[in-house]
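First the structure, in the form of structure tokens, and then the observations on it.
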Amino acid sequence: MKKLNFFLLLTAFGFIIGGAVFNLNGSNNNLPNVGPPVGVNIGNTAPDLSFKNPEGKEIRLSSLRGSVVLLDFWASWCRPCRMENPSVVSAYNKYSKAKFKDAKGGFTIYNVSLDMKKDAWVDAIKKDGLVWENHVSDLGGWGSQAAAIYGVQSIPANYLIDAKGVIIAKNLRGAELDAQIEKLVKK
């Protein structure tokens, strides 16, 4: 009987101490909120990328936090990508200066090229009117480190990332892209 009472007393003490450290839903209020896990699925924090633009300046994807970002994988030699570029340009023109819920910035694009030839990449940027600043590539083609990190198997491929860096949609085209961005606009 004494052993049972001691066990009950020890258990009760454990619950009291546990309740002081953890609230009823089990979260520890003393630990920082680290957010969703890093990954390439919807609801994950987007893995960071850091590559050079055509002028050799390193641009980090995470430097765009605070804005809604379209992470767009493409290449100058990819006909479907080039055919989709007018829709991407249209979305940029429509939303780049928009105000978004939970965002400090507007909408921007982080273009990752799977080109191997810098001249072809730069010419396509100009020819297609891709006027935003965030164009990067390691000129690795299908061996691109960014494509490997995101598991890109075909292009065009894209990820819509909210201002907190969380992936909220994938592989949006045309009207779907506009509709998803529109949901984030401050009304």
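No value in this document is a laboratory result; all are computed from the given coordinates. No experiment lies behind these values; they were computed from the predicted model shown. Quick reminder, even Gly has a Cβ in these numbers, built from the backbone with ideal geometry, and neighbours come from all protein chains shown.
Near residue 110, the amide H atoms lying under 5 Å from its own belong to 70, 71, 72; only residues 5 or more places off or on other chains count, and H is placed 1.01 Å from N.
Once the other residues with Cβ under 9 Å from the Cβ of residue 137 are scored (Lys, Arg +1; Asp, Glu -1), what is the net sum? Local charge sum for residue 137: 0. Shape class of the stretch 102-162 from the alpha-carbon gyration tensor: oblate, with a/c at 1.5 or above and b/c at least as large as a/b. In this label model, residue 50 and residue 120 are separated by 2.9 nm, measuring between points 7 Å along each Cα→Cβ vector. Couplings 3J(HN,Hα) for the stretch 158-170, derived from phi with the Karplus relation 6.51 cos²θ - 1.76 cosθ + 1.60 (θ = phi - 60°), are 8, 9, 8, 10, 6, 5, 8, x, 9, 6, 10, 6, 9 Hz, where x marks Gly and Pro.
For residue 102 and residue 142, the difference between the fully extended length at 0.36 nm per residue and the C-alpha to C-alpha distance is 10.9 nm. Sequence-distant contacts, meaning Cα pairs under 8 Å at least 6 residues apart, place the relative contact order of the stretch 36-182 at 33 percent. Extension gain for residue 40-residue 60 works out to 5.5 nm (0.36 nm per residue, less the C-alpha to C-alpha distance).
Modelled spin labels at residue 89 and residue 149, positioned 7 Å past Cα toward Cβ, are 2.8 nm from each other.
Tally Lys/Arg at +1 and Asp/Glu at -1 over every other residue whose Cβ is under 12 Å from the Cβ of residue 124; what's the total? Don't skip to the answer; put the middle values down first.
Working: positive: 79, 82, 117, 118, 126, 127; negative: 115, 119, 123, 128.
Once positives and negatives cancel, what remains is +2.
Would you please classify the overall shape of the stretch 44-109 from the alpha carbon gyration tensor, given that a ≥ b ≥ c denote the square roots of the eigenvalues, rounded means a/c under 1.5, and beyond that prolate means a/b larger than b/c while oblate covers the rest? It is oblate, given that a/c is not under 1.5 and a/b is not larger than b/c. At q = 0.21 Å⁻¹, what log₁₀ I(q)/I(0) does a Debye calculation on the Cα points of the stretch 36-182 give, no solvent, two decimals? With no solvent term, the Cα-only Debye profile gives -1.47.
Per-residue Karplus couplings for the stretch 137-149, computed as 6.51 cos²θ - 1.76 cosθ + 1.60 with θ equal to phi - 60°, are listed in order as 6, 9, 6, x, x, 5, x, 3, 5, 5, 4, 5, 4 Hz, Gly and Pro entered as x. Using a simple spin-label model with pseudo-atoms 7 Å out from Cα toward Cβ, residue 171 and residue 185 lie 2.7 nm apart.
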